[in-house]
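Only one structure is covered here, and it is reproduced in the block below.
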Amino acid sequence: ALYARLAELEAREEELRSGSARAGELESERRALEQLLDEASRDLDAKESELAELRAQVKKVGKAALRSAKETETLGRRFEVLYKQIEVDGRAVEEISELGDESLRLRAEEALKKLSDDPLNTLVRRKVGGLPPHLAIFELGFAGKGRIYYTKGEARRFRILAVGAKNSQNADLEYLSKLPKGT
C-alpha cells in the first residue's frame with residue numbers, strides 16, 4: 001500500500017512539476033505579449049500624433065490655397081482694370097501670383113505695363129521657336145530669367161498666355177505647343 005501511495009505521490013509530483021513548467025512558459029509568454037502590447041501602444045500613439053500633425057498641415061495648406069485663390073482672383077481683376085491693351089489668361093495670372101517673391105511679381109507686372117502702354121518700345125526677346133506653325137507666340141523677358149509668353153489678342157491688342165522662368169521653360173513650351181489653332 002505504501003508503494004502504491006508512493007507511486008501516486010510521484011505521479012502527482014510529476015504532474016505538478018509539468019504544470020509548474022507550463023506555468024513558467026505561460027508567464028514568459030505573458031511577458032512577451034505585454035512587451036508587444038506596449039510596443040504597439042507606442043506605435044499607435046506615434047501614428048496618432050503623426051495623423052494629427054498631417055491634419056494640421058492639410059488645414060494649413062487648405063487655408064493657404066484659399067488665400068492664394070483669392071490673391072489670384074484679385075490680381076486678375078487688377079490686370080483687367082489697369083492694363084487696357086492686354087488680356088491675361090487665368091493660367092498666366094496664377095503663374096504670376098506663384099512667382100517666388102514680391103520683387104519678381106513687380107518686375108513681371110512692370111513688363112506687362114510696358115507691353116500695354118508702349119508696345120513699340122518694349123524689348124521683345126524673340127518669337128518662340130519650336131512651336132507648331134499655326135502659333136505666333138512671342139517671348140518678353142523680365143528680371144533676367146523671367147519670361148512672359150504672349151500673342152495677338154482677340155478683344156485687346158495682346159494676350160498673355162503664360163509666365164515662367166528658365167527652370168519652367170520646357171513645361172511652358174509644352175503647354176504653348178498644345179494650344180489650339182486660332183490662339
Can you find a residue that is modelled with pLDDT of 80 or more, surrounded by 13 or more Cβ atoms within 10 Å (Cβ to Cβ) and over 17 Å from K84 (Cβ atoms) anywhere in segment 108-129?
yes
Single residue of segment 143-158 satisfying the filter (among the aromatic types (F, W, Y) and out of contact with any Asp or Glu (no Cβ under 7 Å at 6 or more places or on another chain)) that is most open to solvent (accessible area, probe 1.4 Å)
F158
May I ask you to list the residues in segment 77-92 that are surrounded by fewer than 13 Cβ atoms within 10 Å (Cβ to Cβ) and either free of Cβ contacts under 8 Å to residues at least 12 places away in the same chain or outside any helix (DSSP H, G or I) (or both)?
R77, V81, K84
List every residue pair whose Cβ atoms lie under 7 Å apart, where the two residues are 6 or more positions apart in sequence or sit on different chains, the first residue falls within segment 50-64 and is without any contact (Cβ under 8 Å) to a residue 12 or more places away in the chain, and the second residue, located anywhere, is in a helix (DSSP H, G or I) and not polar (S, T, N, Q).
none
Quick test for you: out of R67, R105, pick the one residue that is closer than 16 Å to F142 by Cβ and at pLDDT below 85.
R105
Which listed residue, of S49, S41, is farther than 25 Å from D172 by Cα, in a helix (DSSP H, G or I), among the hydroxyl-bearing types (S, T, Y) and under 27 Å from the mean Cα position of the chain (by Cα)
S49
Mind telling me which of the residues A69, A65, A46 ends up being exposed (fewer than 12 other Cβ atoms within 10 Å of the Cβ), aliphatic (A, V, I, L, M) and under 14 Å from E94 (Cβ atoms)?
A65
Sole miss for L2 among (1) surrounded by 10 or more Cβ atoms within 10 Å (Cβ to Cβ); (2) over 20 Å from V163 (Cβ atoms) is condition (1)
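The values are calculated or read from the model by the stated rules, or taken from the named source; none is laboratory data. Keep in mind that this is a model prediction, so the values were computed, not measured. FYI the Cβ positions are ideal-geometry reconstructions off the backbone, even for glycines, and counts take in every protein chain you see. Ligands, DNA and RNA are stripped out before the accessible areas are found, and what is left, the full protein with its side chains, is counted by its heavy atoms. Shrake-Rupley method; radii C 1.70, N 1.55, O 1.52, S 1.80 Å.
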